[in-house]
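> Pasting in a structure now, in structure tokens, and then I'll have a few things to ask.
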Amino acid sequence: MFIALVAFTVGTCTPKQEIPVYLNSSKPLEERVTDALSRMTLEEKVAMTHAQSKFSSPGVPRLGIPEIWHTDGPHGIRPEVLWDEWDQAGWTNDSCTAFPALVNLAATWDRDLARLYGDCIGAEARYRKKDILLGPGINMGRTPLNGRTFEYMGEDPYLAGELVVPYVKGVQSNGVAACVKHFAVNNQEVRRTATSSNLDDRTLYEIYLPAFKKAVQEGGAWAIMGSYNLYNGQFNCHNKRLLCDILKGEWGFDGVVISDWGGCRDDDEAITNGLDIEMGTWTNGLRGAASDSYANYHLARPYLERLRDGRATEEQLDDKASRILRTIFRTSMGPEQHFGSFSSPEHYAAARKIAADGIVLLKNDGVLPLCPHQGARILVVGENAYKMMVVGGGSSNLKTKYEVIPLDALHEAFDGKADVVWERGYVGDTTTVYNKVVTGQDLRDGRTPSQLLADAVAAARDADYVLYIGGLNKSKKQDNEGTDREDIVLPYGQDALIEALAAVARKMVVVNISGSPVAMPWAQQVSAIVQSWYGGSESGHALVDVLTGAVNPSGKLPFTMPLRLSDGPLKTPRQYPGIQEEGKKWWQEYYDEGVFIGYRWYDTQGIAVQYPFGHGLSYTSFELADASVKRSGKQWTVSATLANTGEVPGAEVVQLYVSDTEASVARPAKELKGFEKVYLNPGEKRRVQLTLGLDDLSWFNADAHEWVAEPGEFHALIGFSSADIRADIPFRYEK
Ligand code: BGC
């Protein structure tokens, strides 16, 4: 038999010996891009710059270049949705591993776990044939009220920057682009599509940009998502300053800029100001539409008209198309074939490990780890012991194969040893469906609030332990996209319930499950407090691992836990949630607090907090000794010896803050500039070395548009939280 092996030029039937450069994945990326671009028509290029469905944008079918499939992000792979709808499509092969919320990852302070997270979620995306993962989110915790705090990595740019880099690298090692969001100064959900964040350059560069810059320059992120809000009066999905000048100019970003879904607002700016792909604007997304046609997108018909009559240039279009092609050649047509893996035991194990390692032990008088005597009675109170939390919250909503709730994990752990009983205590959110993802739980309860409280208190009287598991959930005005909270007080009368339980309980542990800070006025009345998070599929197991000591807690707060909202830096409606001004169409918000957010505010003002940034206890104890600072050229090595002085293996995060005592401008009392998470066995010691460079001493001089390290005295503050500084070593920088 005769078999002819003939390669064809795609789209024609002309026999050819060599495959075209753009199809040859062993050719250099830029050669492939140039080659593909040279074969494309104007219409094909424009087609690529806007969506064709809720979560996809076109490729070039004639040339065999595949479409791009986008997916949320950032905690798992969103279930398949209908072509034009947010609702899940009802596929039966798309139940993913739900990973812990990003705030939970941030609380691990562990770069290796961020890499593991990225590796796993990237593999899940690839298996589901997704090319762009819409995440991670790294907006700063400017206010604890932000409804999306749970999707972000805390209040500190250094911490978020250090964790976003390995996350991005992990995702992209699977041939999936990480789309870092939401760029930029998008720090609230209230009127998120109608508010201009107005701030000075020093604040922008010191607080709100560094994590994005690291994601781009060190993480090598292939995609960035523009945010809904405006910055200094211009919408961020086509904000010239942010996208053209800073992202693509100063930082040299060569990837693709994608609009948030419905975030594109203007034909001309969409073309000229750095946007590459417009998603979700005219398809009943976030804004109403005259028509559901993708052809009416800003970057569709209006763009073509402008190209044809000369108002827009093909050169600019080529830049957008090149970036889109680059993304395709890095992902689905990348040089390495990736197939990914999905919902695997390994991914569930990773989710459990990350969730557990981010749980923060805030207080412990010795009641934890739980070690009940045979036959002890453990009363569990609180809706969050029972309610499934993976579902809901907005675009991070997931459909997972399973979710282990804390109550089931407790029964599993204490089976045959202790008697675990549950009292609900309050009724919070009984929703069990989101975007047609159904948990199957029935959360209805006919009792009145006072009956629920009375029942819980009665049961607490003869319990050996009361384990309260409450906090927030993902309903509106809590940890939820599209709304902000109104206060940091716990909802549903939980403070009164906790106090009533504490008054009768022999030993009481409070587990707060939330994605953002809450007030804890009852902190002195209970034996132990655990900050847990939306931990994903394995959340119950992870929590119980920590409660029983199977995992020694090592999480650290990625944000400050204030005593009350009014202690924070945002004092006026001008600062938050924004004001309306005469003659201005959009709401205006002024970042008058400057660089002083989070612990930068509390520590500089000397305001007491409930628990400081970086705080988290262990079942063992650690000591830090022999701290020193050594200079070599323009670098300083800060060293100290960490010892595990307790009885069990555990991990501590050695944190390095810098204080600039002779600055010519107002600077925070201290700023995080280094950390390392160290695992030690009992009795073991390790010398930890953290390096400071000139960048770490610098502030951003807006007038000169440069970072400045001023000669003078600095302090290296090394310890276990922003408030628990074990050594304060002055050093000098002279030019
Ligand atoms: C959110 C994004 C998300 C997008 C797609 C928007 O509403 O702000 O974070 O990726 O929807 O679901």
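The values are calculated or read from the model by the stated rules, or taken from the named source; none is laboratory data. In this text, all values refer to a predicted model and were calculated from it rather than measured experimentally. Backbone-built Cβ (ideal geometry, glycine too); neighbour counts: all protein chains shown. All accessible areas refer to the heavy atoms of the entire protein, side chains included, with ligands and DNA or RNA removed. Shrake-Rupley method; radii C 1.70, N 1.55, O 1.52, S 1.80 Å.
> Among (1) over 25 Å from the mean Cα position of the chain (by Cα); (2) open to solvent by less than 40 Å² (accessible area, probe 1.4 Å), there is one condition Ala350 misses while meeting the rest; what is its number?
(1)
> I've got another one for you. From Tyr127, Tyr167, which residue is surrounded by fewer than 24 Cβ atoms within 10 Å (Cβ to Cβ) and either aromatic (Phe, Trp, Tyr) or in contact with a helix residue (DSSP H, G or I) (Cβ under 8 Å, 6 or more places away or on another chain) (or both)?
Values: Tyr167 fails: surrounded by fewer than 24 Cβ atoms within 10 Å (Cβ to Cβ).
Going through Tyr127, Tyr167 in turn, just one is surrounded by fewer than 24 Cβ atoms within 10 Å (Cβ to Cβ) and either aromatic (Phe, Trp, Tyr) or in contact with a helix residue (DSSP H, G or I) (Cβ under 8 Å, 6 or more places away or on another chain) (or both): Tyr127.
> Checking the conditions here, which among Ala177, Ala114 is of a type in the set (Gly, Ala, Ser) and out of contact with any Lys or Arg (no Cβ under 7 Å at 6 or more places or on another chain)?
Numbers: Ala177 fails: out of contact with any Lys or Arg (no Cβ under 7 Å at 6 or more places or on another chain).
It is Ala114.
> Let me ask something else. Specify the residue that is farthest from Pro58 (Cα to Cα); the eligible residues are those in the stretch 144-162 that are surrounded by 24 or more Cβ atoms within 10 Å (Cβ to Cβ) and small (Gly, Ala, Ser).
Gly154
> Turning to a different aspect of this structure: Quick check: is even one residue across the stretch 278-300 assigned to a strand (DSSP E or B), among the aliphatic types (A, V, I, L, M) and either open to solvent by 40 Å² or more (accessible area, probe 1.4 Å) or touching a Lys or Arg at 6+ places or on another chain (Cβ under 7 Å) (or both)? Steps first, answer last, please.
Of the residues in the stretch 278-300, the ones assigned to a strand (DSSP E or B) are 278.
If we keep only those that are among the aliphatic types (A, V, I, L, M) too, we end up with none.
No, the stretch 278-300 contains no residue that is assigned to a strand (DSSP E or B), among the aliphatic types (A, V, I, L, M) and either open to solvent by 40 Å² or more (accessible area, probe 1.4 Å) or touching a Lys or Arg at 6+ places or on another chain (Cβ under 7 Å) (or both).
> Looking at the stretch 475-503 only, could you name the residues that are within 17 Å of Tyr534 (Cα to Cα) and either of a type in the set (A, V, I, L, M) or not assigned by TED's automatic domain parsing to the domain that holds Ser527 (or both)?
Leu490
> Taking the condition away from the ligand (no atom under 16 Å from the Cβ), part of a loop (DSSP other than H, G, I, E, B), open to solvent by 10 Å² or more (accessible area, probe 1.4 Å) and under 23 Å from His182 (Cβ atoms), does Gly141 pass? Walk me through it before giving the result.
On the way: away from the ligand (no atom under 16 Å from the Cβ): yes; part of a loop (DSSP other than H, G, I, E, B): yes; open to solvent by 10 Å² or more (accessible area, probe 1.4 Å): yes; under 23 Å from His182 (Cβ atoms): yes.
Here the answer is yes, as Gly141 does meet what is asked.
> Continuing with this model, one more query. Against the definition (within 12 Å of the ligand (Cβ to nearest atom) and either of a type in the set (A, V, I, L, M, F, W, C) or in a helix (DSSP H, G or I) (or both)), how does Leu163 come out, yes or no?
no
> Starting from residues that are small (Gly, Ala, Ser), in contact (Cβ under 8 Å) with a residue 60 or more places away in the chain and in a loop (DSSP other than H, G, I, E, B), keep the ones in the stretch 44-89 and report whichever is surrounded by the fewest Cβ atoms within 10 Å (Cβ to Cβ).
Gly59
> Quick one: Leu304 ticks every box in (1) touching a residue at least 40 places away in the same chain (Cβ under 8 Å); (2) assigned to a loop (DSSP other than H, G, I, E, B); (3) open to solvent by 10 Å² or more (accessible area, probe 1.4 Å) except a single one, so which number is it?
The one condition Leu304 does not meet is (2).
> Name the single residue that is nearest to the ligand (Cβ to nearest atom) among those in the stretch 172-208 being in contact with a Pro (Cβ under 8 Å, 6 or more places away or on another chain) and not hydroxyl-bearing (Ser, Thr, Tyr). Spell out how you get there, then give the answer.
Step one: of the stretch 172-208, the residues in contact with a Pro (Cβ under 8 Å, 6 or more places away or on another chain) are 178, 180-181, 188, 190-191, 195, 206-208.
From the residues that got through so far, the ones that are not hydroxyl-bearing (Ser, Thr, Tyr) too are 178, 180-181, 188, 190-191, 206-207.
Values: Ala178: 12, Val180: 11, Lys181: 5, Gln188: 12, Val190: 14, Arg191: 14, Glu206: 25, Ile207: 21 Å.
Among those that are in contact with a Pro (Cβ under 8 Å, 6 or more places away or on another chain) and not hydroxyl-bearing (Ser, Thr, Tyr), it is Lys181.
> Only one residue in Ser332, Ser343, Ser322 is at pLDDT 95 or above, of a type in the set (S, T, N, Q), crowded, with 19+ Cβ neighbours inside 10 Å and outside any loop (DSSP other than H, G, I, E, B). Which one?
Working: Ser332 fails: outside any loop (DSSP other than H, G, I, E, B); Ser343 fails: outside any loop (DSSP other than H, G, I, E, B).
Matching residue, one of Ser332, Ser343, Ser322: Ser322.
> Could you say whether any residue in the stretch 182-203 is in a strand (DSSP E or B), surrounded by fewer than 24 Cβ atoms within 10 Å (Cβ to Cβ) and in contact with a Leu (Cβ under 6 Å, 6 or more places away or on another chain)?
Yes: one or more hits.
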